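Quick notes on the structure that follows.
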Amino acid sequence: MKMIFLGAPGAGKGTQAENVSAAYGIPAISTGAIIRESVKNGTPAGMEAKSYMDSGSLVPDKVVIDIIKERLAQDDCEKGFILDGFPRTIIQAEELEKMGVDIDFAVTIEVPDENIVRRMSGRRVCPDCGASYHTEYKPSKDGESCDKCGAKLTTRHDDLPEVVLSRLKVYHEQTEPVKEFYNSRGKLLTVIGQEKVEDTTALTMKAVETGRMLATGRVE
Ligand code: AP5
């Protein structure tokens with residue numbers, strides 16, 4: 001199964017991609033996470049991307065398209081994958097088609113902007129393994145360190161309220177049109193994001209199962 005998760009920054013794409021990845025045994029590929037790793041490692045591509053990320057802008061199409069080409073060529077993508085945060089522009093969506101990648105369906109998680117701004121202030125991330133938590137909705141066991149590797153949790157630079165507002169503006173202008181791109185191909189499924197993570201998970205699993213059945217021709 002090849003699927004895409006769309007949605008505003010903080011809508012819950014990464015959280016749900018992780019759940020679906022565990023349930024279906026396919027990798028969840030986050031361009032944001034790959035870029036953050038490159039920044040951490042100080043690679044030339046990471047250094048170029050950092051200023052865009054920190055200001056809430058999109059990293060240039062060519063940089064992320066090259067990242068995706070390289071990642072999808074890896075063996076673990078043979079049985080399928082989840083793209084979290086790619087494509088984020090029409091150019092990226094068109095490029096994916098030109099690469100011959102036949103996406104089965106795209107899931108968009110819809111959350112109002114005002115909830116996003118409130119939600120992002122509570123996100124905490126692990127600087128070592130990248131695991132994501134929330135002070136209120138998904139706290140780590142002791143509230144301070146990562147349940148998976150024990151590192152001290154931090155906040156993301158781009159979760160500052162002013163940067164979140166700029167990311168939302170970029171989302172509405174450049175990424176929302178990607179929904180219509182997949183809708184016009186009959187491949188868009190919508191999940192209304194809920195206040196509790198587990199409620200969104202239940203709806204996402206239902207959407208993915210619907211998408212899977214549609215893609216395999218088991219239902220009309
Ligand atoms: P990226 O890392 O992809 O960030 P994003 O899309 O802005 O999304 P987030 O990771 O912030 O949020 P999410 O939707 O995954 O939500 P999450 O599950 O974490 O990209 C960062 C940057 O990289 C971009 O700004 C850009 O510069 C660059 N970039 C990446 N891809 C690119 C591309 N294709 N083209 C160009 N540039 C690109 O949840 C958020 C928080 O809410 C968490 O704390 C979580 O625990 C909590 N939460 C989740 N679900 C719920 C719920 N239902 N109720 C309450 N809380 C919840």
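What whole-number volume per residue, in cubic angstrom, does the convex hull of the C-alpha atoms of the stretch 67-200 give?
On the way: hull volume 19.1 nm³, N = 134.
Normalising the Cα hull of the stretch 67-200 by residue number yields 142 Å³.
What FRET efficiency, computed as 1/(1 + (r/R0)^6) with R0 = 35 Å and r the Cβ-Cβ distance, is obtained for T154 and A23, rounded to the nearest 0.05?
0.80
With +1 on each Lys and Arg Cβ and -1 on each Asp and Glu Cβ, and nothing else charged, work out how big the dipole of the stretch 21-107 is about its Cα centre, in Debye to the nearest 20.
300
So, for the chain, what is the accessible surface per residue at a probe of 1.4 Å, expressed in square angstrom?
Here the residues of the chain average 51 Å² of exposed surface.
Based on Cβ point charges of +1 for Lys and Arg and -1 for Asp and Glu, what charge dipole magnitude is obtained for the chain about its Cα centre, in debye rounded to the nearest 20?
So the dipole magnitude of the chain works out to roughly 180 debye.
Over the Cα atoms of the stretch 130-220, each weighted equally, I'd like the Debye log10 I(q)/I(0) at q = 0.11, 0.12, 0.26 Å⁻¹, rounded to two decimals.
The calculated log intensity ratios at q = 0.11, 0.12, 0.26 Å⁻¹ are -0.54, -0.63, -1.21.
For the stretch 4-147, which semi-axes, largest first and in whole Å, follow from the square roots of 5 times the eigenvalues of its Cα gyration tensor?
24, 18, 16
Looking at the square roots a ≥ b ≥ c of the eigenvalues of the Cα gyration tensor of the stretch 156-200, which shape do they give, rounded for a/c under 1.5, prolate if a/b is larger than b/c, or oblate?
Oblate, because a/c is 1.5 or more while a/b does not exceed b/c.
If you place +1 on the Cβ of every Lys and Arg and -1 on the Cβ of every Asp and Glu, how big does the dipole about the Cα centre of the stretch 1-67 come out, in debye to the nearest 20?
80
For the stretch 100-194, give me the percentage of DSSP beta bridges that are antiparallel, rounded to the nearest 5 percent.
Bridges in the stretch 100-194 are about 55 percent antiparallel.
Share of antiparallel DSSP beta bridges in the chain, in percent to the nearest 5?
On the way: 6 of 23 bridges.
Expressed as a percentage, antiparallel bridges in the chain total about 25.
Within the chain, which is the longest segment that contains none of the trypsin sites (Lys or Arg not before Pro) sitting in a DSSP loop with at most 14 other Cβ atoms within 10 Å?
1-78
In the chain, if the dipole is taken from +1 on Lys/Arg beta carbons and -1 on Asp/Glu beta carbons about the Cα centre, which of A106, T154, G14 is farthest to the positive end?
Going by the Cα projections, it comes out as T154.
In whole Å, what is the distance between the alpha-carbon centres of the stretch 54-70 and the stretch 116-194?
18
Take the solvent-accessible surface of the protein heavy atoms, probe 1.4 Å, and return the percent of it on the stretch 73-199 that carbon and sulfur atoms account for.
50
Quick one: compute a quarter of the convex hull surface over the Cα atoms of the stretch 1-85 and quote it in nm².
Orientation-averaged projected area of the Cα hull: 5.6 nm².
Taking only the alpha-carbon atoms of the stretch 75-134, what semi-axes of the equivalent ellipsoid follow from 5 times the gyration tensor eigenvalues under a square root, in whole Å, largest first?
Working: eigenvalues 157, 63, 21 Å².
The answer is 28, 18, 10 Å, longest axis first.
What FRET efficiency do you get for V197 and H172 if R0 is 35 Å and r is their Cβ-Cβ distance, rounded to the nearest 0.05?
Calculated transfer efficiency: 0.90.
State which entries of K13/K138; K13/K148; K40/K152; K50/K169; K50/K196 exceed 22 angstrom in Cα-Cα distance in the structure shown.
K50/K196
Just want to confirm a number: the relative contact order over the chain, from Cα pairs under 8 angstrom separated by 6+ residues, in percent.
Across the chain, relative contact order equals 29 percent.
At 1.4 Å probe size, with no ligands or nucleic acids counted, give the accessible surface of T210 in Å², nearest ten.
Accessible area of T210: about 60 Å².
The values are calculated or read from the model by the stated rules, or taken from the named source; none is laboratory data. What you are looking at is a predicted structure, and each value in this text was computed from that prediction instead of being measured. Virtual Cβ from ideal backbone geometry, glycine too; neighbours counted across all protein chains shown. The accessibility values were calculated without ligands, DNA or RNA, using every heavy atom of the protein model including side chains. Shrake-Rupley method; radii C 1.70, N 1.55, O 1.52, S 1.80 Å.
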